[in-house]
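Chemist: Here it is, the structure, as structure tokens.
Just so it is clear, none of the values below were taken in a lab; they were calculated from the coordinates. For clarity, every value in this text was computed on a predicted model and none was experimentally measured. Because the Cβ atoms are built from the backbone with ideal geometry, glycine has one as well, and the counts that use them run over all protein chains shown.
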Amino acid sequence: MSVALCTTSHSPLIGLHDPPDDVKAEVDRALTEARGFVEDFAPDLVVIFAPDHYNGFLYEVMPSFCIGAAATSVGDYGLPTGDLSVDAETARLLAKRVLDSGVDVAVSEAMRVDHGFVQPLSFLFGSLTSVPVVPVFVNCVAEPLGPAVRSRLLGSAIGTALRDLGRRVLVVGSGGLSHDPPVPRLAEAPPEVAERLTHGRSPTPEQRRVRESRTVAAAGEFARGAGGFRPLNPAWDAEVLAALAAGDFAAIDGRPNAWFTEQGGHSAHEVRTWIAAYAALAASGPYTVRSSYYRAIPEWFAGFATTTALPVEAA
């Protein structure tokens, strides 16, 4: 079995509210380098850890973790719709192994995924069907959240199970870093928004268009320094990237949940997907980061980063 890692931020604003051309070109070069890394590795399976933004998982039932044995894209923000090429047998096997390890995980035979899953697959492979995948949902938005260390335990359990597959596996973490866009929170939501966060699984095209246009408008305000949004925190982002590169998980997942929110914003909890992905890689032994790109991009409401890594022996 061989394993490699690619983690990347995502943003629904990519292509809808872009930064200046030179910044966009810089990001494109970083993603092109990551695609080249993935092409050279040539995985025959992708395990992707990603969040959801109240498109597939709502308060009607909100698991901490869920492994999909089938998945389809909802096509938010103009992204592709349709089924992912899910390796159902491997998904069910990984779920069993995770449960056997003592980590609670749900299983979905009809997972719905949004840009958190779809963008990285599009970045790296150009489509949703180029390679078999196992989608792993990590709740990073809907409170209450468990401690971040649970994400490391999830990733470690999956990484341990992957060692027995005898396959070339790319683990992907999608999300982060510091960002605090206007994602609604149930405790503060008016009744109509609370209803949507609980039961709004299938919005009409017009409802989706209105919600997404508000996000684009908010990004415009944020990029102009207006709107009262929490600023990005490059120093915190650098701290997180350095800890992951060094395999110092306790420096991140040993922190209380309030640390993530206070330092990086409410949506900075998406770094849990990176913790899980790096922990899955670490299950195969010491690793080395091969590339690391970072830029604070207010137009995308994101401390945007992309990294790749391999086990030391493979490197």
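Chemist: What is the list of residues in segment 26-44 whose amide nitrogen lies under 19 Å from a point 7 angstrom out from the Cα of residue 129, following Cα to Cβ?
Modeler: Taking a point 7 Å out along Cα→Cβ of residue 129, the residues of segment 26-44 whose backbone N falls under 19 Å are 44.
Chemist: Can you give the longest stretch of the chain with no exposed loop site, where a site means trypsin sites (Lys or Arg not before Pro) in a DSSP loop (not H, G, I, E or B) with at most 14 other C-beta atoms within 10 Å?
Modeler: Result for the longest clean stretch: 1-162.
Chemist: Could I ask something else about it? Taking the Cα centre of the chain as origin, sum charge times position over the Cβ atoms of Lys and Arg (+1) and Asp and Glu (-1), and report the length of that vector in debye to the nearest 20. Could the numbers behind the result be given before it?
Modeler: Working: 25 positive and 36 negative charges, 62 e Å.
It works out to roughly 300 debye.
Chemist: I'd like the distance between the alpha-carbon centres of segment 82-144 and segment 253-312, rounded to an integer number of Å.
Modeler: Using only Cα atoms to place each centre, the spacing works out to 18 Å.
Chemist: Could you tell me the calculated FRET efficiency between residue 257 and residue 109, based on Cβ-Cβ distance and R0 = 35 angstrom, to the nearest 0.05? Display every interim value, and only then the final one.
Modeler: Working: r = 31 Å, r/R0 = 0.87.
Computed FRET efficiency for residue 257 and residue 109 comes out at 0.70.
Chemist: Place a point 7 Å from Cα of residue 89 in the direction of its Cβ. Which residues in segment 108-152 have their backbone N less than 18 Å from it?
Modeler: 131-135
Chemist: Next question. Nearest 5 is fine: what % of DSSP beta bridges in the chain come out antiparallel, could you say?
Modeler: On the way: 20 of 44 bridges.
Restricted to the chain, the bridges split so that about 45 percent are antiparallel.
Chemist: What residue among 190, 157, 218 has its Cα farthest toward the positive end of the dipole of segment 119-223, where the charges are +1 on Lys, Arg and -1 on Asp, Glu, each on the Cβ?
Modeler: Of the candidates, 157 comes out farthest on the positive side.
Chemist: Can you compute the FRET efficiency between residue 238 and residue 40 using 1/(1 + (r/R0)^6), with r the Cβ-Cβ distance and R0 = 30 Å? Round to the nearest 0.05. Please list the in-between numbers first.
Modeler: Values: r = 27 Å, r/R0 = 0.91.
According to the calculation, E is roughly 0.65.
Chemist: Still on this structure: Run through segment 43-114 and list the GluC sites (Glu not before Pro) located in a DSSP loop whose Cβ has at most 15 other Cβ atoms within 10 Å. Let's see the in-between values first.
Modeler: Values: sites: 60, 89, 109; in loops: 60, 109.
For GluC sites (Glu not before Pro) across segment 43-114 that sit outside H, G, I, E and B with at most 15 neighbouring Cβ atoms in 10 Å, the list reads 60, 109.
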